[in-house]
Structure formats: C-alpha cells, structure tokens
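Asker: Got a structure here, written out as structure tokens. Questions coming.
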Amino acid sequence: MQPPPAIRFDRLGQVFETRSGRVEALRNVSFEVARHEFLAVLGPSGCGKSTLLRMIAGLLQPSSGAVEVFGRRVTGPREDIGIVFQKPTLLPWATVEENVTFPLRHKRGRAGRPDRERAQALLRMVGLEGFGKRLPDELSGGMQQRVGIARALLMDPDILLMDEPFSALDALTREEMGFDLLRIFGERPKTVVFITHSVSEAALLADRVLVMTGRPGRVMTELPVPVARPRGRETIEDPAVTGLAAQLRNLLLQREAA
C-alpha cells in the first residue's frame, strides 16, 4: 500500500473578511508534497504563499477544501512541524542557547541537560559552535537566522516550513545560508516547504518548484529540478539550474505582463 504524502492540499480555498471587504486569497489549490521532498513555492506578493504555510502548521483553517499531513486532516497546531520565519524573532534578553531551547521551555517549563546538549549539537550543525552564551544583538543577521533554524529543528520535526527565511539578508550572506541549508538538509533530511521570491534560490535548493498565480492564488505550474543531490557551489553554474531559473523567471514575467 502506497504511504500517504507528507502534505496534501485538496481543492483548498481561503477568503478573508476585512474592513475594506472580502479578499479571496486562494482558490481551488491542490497539490502534494512527498516525504523528504524539498518543495519551493514561487509567486507574486499577496498570492497566498504564507497562508499555505499557516494552514500546514494548523494556525489557520481553510474556508473550503482540506489540508492533510501524513494522511490526517489538519485541525490545529502540530508538534511534528517546525517553522522558520522571515525574521528569527529571537528573545533579546535570552542567550542563543536559551532561544534555541525556548520551544521546550515553553512546553514543559524547563529544559534539562539533554535538551541543552541537543541545542549545542544543533548550534554546531548550523555553524554557531561557541556562541551559545551570546545574546542575539551580538550576532549578525545571518547568525541570528541560523539560531532560528536550530530552534525549529530542536523538536526534530518531520516537516520544516520556511517563509522567505533569507530575504532580509545581503546577497552574499543569503547565498551562504543557501549552501548551509543544503548541507543541513543532506545531514538531516526533512520534508521542506520553502517560500521564496528568488528563482535562482528555488532552482538551487529544491527538488520541485511550484509557481503560483496572482491573487486569488492558484497553482500555475510545477517544475522538477533536474539536478541530483548532493549539490555544491558548482551547481550554481550547472546549465540545468540556470536553464530552470530562466524558465521560472519567464513564467513570472509572463504573468505580470498578462
């Protein structure tokens, strides 16, 4: 028997009632994400990309249709899902280690020695060994985002949701973070849904790229990334990656011109 996909959207729609009227954010969205697949989602601002993540996480119920995780309908927040936001939203008065262990301390009221040791192991994995006692304002933007990734991985979630996690970083730091994510994904495979506006980032990182239309957001197309893993710096210049990036860019430009 075929196992269920990690994530499944079934004819999903979302309408928000605002002061200025009714806003249809998503319409008839259906797609699946396989376990340990890295899916990048591209689309214009306001097309419902972040709304999709909130629905997977159980933070928002759809107006119509359904979201399933491992074959079960999502009805509320789940502990097997980690989220990395656009900004790491670290507690400024807490150390790096305390920020990483915050989910456990929030849930249990404390973090024991094994939890702190796990936090230190995650900090090593994201390249922050020796920074556990620092405060967030002692770190660069890229280092703070690494803390956010370590925090999301603390509970060892099956699914990792990433909402434009590198968009606030400078170009060089953003590129470096992309390679760090490739390494982390290789060492600790997860099902990843990655929201981005960067076609080159999507082509480099993902197994498949989903392109959304403008609001109301629908699935325009899905394209596989024809490059095997592992990937390194040389992958940036791979003709298959540059060709896919050009194809994605043309799709988005055609949508804007329509």
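Asker: What shape does the stretch 76-130 have by the C-alpha gyration tensor, where a ≥ b ≥ c are the square roots of the eigenvalues, rounded means a/c under 1.5, and otherwise prolate means a/b greater than b/c and oblate the rest?
Answerer: rounded
Asker: For the chain, with every protein chain kept in place, what is the accessible area per residue (1.4 Å probe, Å²)? Kindly include the intermediate steps, with their values, before the conclusion.
Answerer: Numbers: 12770 Å² over 258 residues.
Per-residue value: 50 Å².
Asker: Let me ask another. Can you list the GluC sites (Glu not before Pro) in the stretch 53-107 that are in a DSSP coil and have 14 or fewer other beta carbons within 10 angstrom?
Answerer: The qualifying sites are 79.
Asker: Looking only at trypsin sites (Lys or Arg not before Pro) in DSSP loops with at most 13 other Cβ atoms within 10 Å, what is the longest site-free stretch of the chain?
Answerer: Answer - 134-258.
Asker: OK, next. May I ask you to compute the full-extension gain from residue 16 to residue 247, defined as 0.36 nm times their residue separation minus their alpha-carbon distance, rounded to one decimal in nm?
Answerer: That pair, residue 16 and residue 247, stretches by 79.9 nm at full extension.
Asker: How large is ³J(HN,Hα) for each residue in the stretch 87-104, as worked out from phi by the Karplus curve 6.51 cos²θ - 1.76 cosθ + 1.60 (θ = phi - 60°), to whole Hz, x for Gly and Pro?
Answerer: Using θ = phi - 60°, the values come out as 10, x, 6, 7, 6, x, 8, 9, 5, 4, 4, 5, 5, 5, 7, 3, x, 5 Hz.
Asker: Among the aspartates and glutamates, which fall within straight-line cross-link reach of residue 87, defined as a Cα-Cα distance under 20 Å, with same-chain neighbours fewer than 8 residues apart omitted?
Answerer: 97, 98, 137, 138, 163, 164, 170, 175, 176, 180, 201
Asker: Would you mind getting me the FRET efficiency between residue 113 and residue 45? Use the beta-carbon distance for r and R0 = 41 Å, nearest 0.05. Each step should come with its number before you reach the end.
Answerer: On the way: r = 45 Å, r/R0 = 1.09.
Given R0 = 41 Å and the Cβ-Cβ separation, E is 0.40.
Asker: Rounded to the nearest 500, what is the 222 nm mean residue ellipticity of the chain from helices alone, with -39500 (n - 2.57) per DSSP H run of 4+ residues and division by all residues?
Answerer: Rounded to the nearest 500, the figure is -10500 deg cm²/dmol.
Asker: Pairs of Cα atoms under 8 Å, at least six residues apart: use those to get the relative contact order of the stretch 93-148, whole percent. Mind dumping the intermediate values first?
Answerer: Working: 45 pairs, mean separation 27.0, N = 56.
The value is 48 percent.
Asker: Okay, moving on. For the chain, which whole percent of the accessible surface, found with a 1.4 angstrom probe, sits on carbon and sulfur atoms?
Answerer: 50 percent
The values are calculated or read from the model by the stated rules, or taken from the named source; none is laboratory data. Just so it is clear, the structure is predicted and the values come from calculations on it, not from any experiment. For neighbour counting, all protein chains shown are included, and Cβ atoms are generated from backbone atoms with ideal geometry for every residue, glycine included. For the accessible areas, the whole protein counts, side chains as well, though only heavy atoms, and no ligand, DNA or RNA atoms are used. Shrake-Rupley method; radii C 1.70, N 1.55, O 1.52, S 1.80 Å.
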